[in-house]
Structures are given as structure tokens and as C-alpha cells.
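The values are calculated or read from the model by the stated rules, or taken from the named source; none is laboratory data. Fair warning: this is a prediction, and the values are worked out from it, not measured in the lab. So basically every Cβ, Gly included, is an ideal-geometry build from the backbone, and we count neighbours across all protein chains shown. Heads up: the accessible areas ignore ligands, DNA and RNA and are worked out on the full protein's heavy atoms, side chains in. Shrake-Rupley method; radii C 1.70, N 1.55, O 1.52, S 1.80 Å.
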Amino acid sequence: MNKGLIIIGAGGHGKVVLDTALLTNKWKQIVVVDNNPEIKSLLDFKVVNEISEIQHNKLWDVVVAIGDNRTRLSLSQSLQDEGYQLTTIIHPSAIISRWAEIGAGSVVFANAVL
């Protein structure tokens, strides 16, 4: 637990991703980014409007928590192209086959079986 985590998206999907990330106990600090200036917090975590507001942001892990699959994929690819490190979040109750391959930026939720 040494890096921070940036979660992009403060909607319903972002809330579930944040909750899942908290249960992993992997990150010392978590910041949520959303371009809606009216959203100030998510589950008691500060929401900032620009990823550039986070100090040393390219050293942190990043996950895109936007519900729309195409938008999530497009934004994830853009972030990787800019040098950000996409991370994988796996809920502690998930069951993962040793043969499963989970790509960077994926989130596996509670009780999932892969």
C-alpha cells in the first residue's frame, strides 16, 4: 500500500468501484475525478474536476469507473497513451480461475466467478 489510486467517474459505477477498491486495502490514498463541478464528494472522498489537480498523478494507479463501456474503453486507452498506469481491482469475494486473464483497468466485483 504505497501508491494512490485515481478513480475517474463519480456516478453510480464510480461508487461501486470506490467501494470495491476500499475493500482491497491496497491504496494509501484515493481521489475521485469527475468533470461535473457540482459533485464535490463520493462516499466521503474528495472529487476533483481535473486529473492534473492530483500531485504526482502519473505515479498513481488509475481506473476508469464510467458505466458506458465505449466511453470507459476510449478513456482508458487515452490515459495509457498519456503514460498513466491502469490498475486492476478485484473484490475480495471474487473467485478467479488460475487460467483467467484479467486486463489492466478491469474491475471484478463482489461474488464474481471467472
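A few notes on this one:
- The range 69-97, residues that are among the aromatic types (Phe, Trp, Tyr) and assigned to a strand (DSSP E or B): none
- Number of positions in the range 38-68 that are part of a loop (DSSP other than H, G, I, E, B), closer than 20 Å to Val108 by Cα and either in contact (Cβ under 8 Å) with a residue 12 or more places away in the chain or open to solvent by less than 50 Å² (accessible area, probe 1.4 Å) (or both): 5
- Selection status of Val32, assigned to a strand (DSSP E or B) and either modelled with pLDDT of 95 or more or not hydrophobic (A, V, I, L, M, F, W, C) (or both): yes
- Count - residues of the range 91-107 that are more than 11 Å from the chain's Cα centre (by Cα), open to solvent by less than 80 Å² (accessible area, probe 1.4 Å) and modelled with pLDDT of 95 or more: 7
- If the condition is being over 14 Å from Gly67 (Cβ atoms) and open to solvent by less than 20 Å² (accessible area, probe 1.4 Å), then the range 2-19 contributes Gly4, Leu5, Ile6.
- Hey, Trp27 aromatic (Phe, Trp, Tyr) and out of contact with any helix residue (DSSP H, G or I) (no Cβ under 8 Å at 6 or more places or on another chain) or not: no
- Complete set of residues in the range 73-90 that are in contact (Cβ under 8 Å) with a residue 60 or more places away in the chain and open to solvent by 40 Å² or more (accessible area, probe 1.4 Å): Leu75, Ile90
- Exclusive hit being among the polar types (S, T, N, Q), open to solvent by 30 Å² or more (accessible area, probe 1.4 Å) and within 21 Å of Lys3 (Cβ to Cβ), set Asn25, Asn35: Asn25
- The residue pairs whose first member lies in the range 1-28 and is at negative phi and part of a helix (DSSP H, G or I), whose second member is buried (at least 22 other Cβ atoms within 10 Å of the Cβ) and of a type outside the set (A, V, I, L, M, F, W, C), and whose beta carbons are closer than 8 Å, counting only pairs six or more residues apart or on different chains, are Val17/Gly9.
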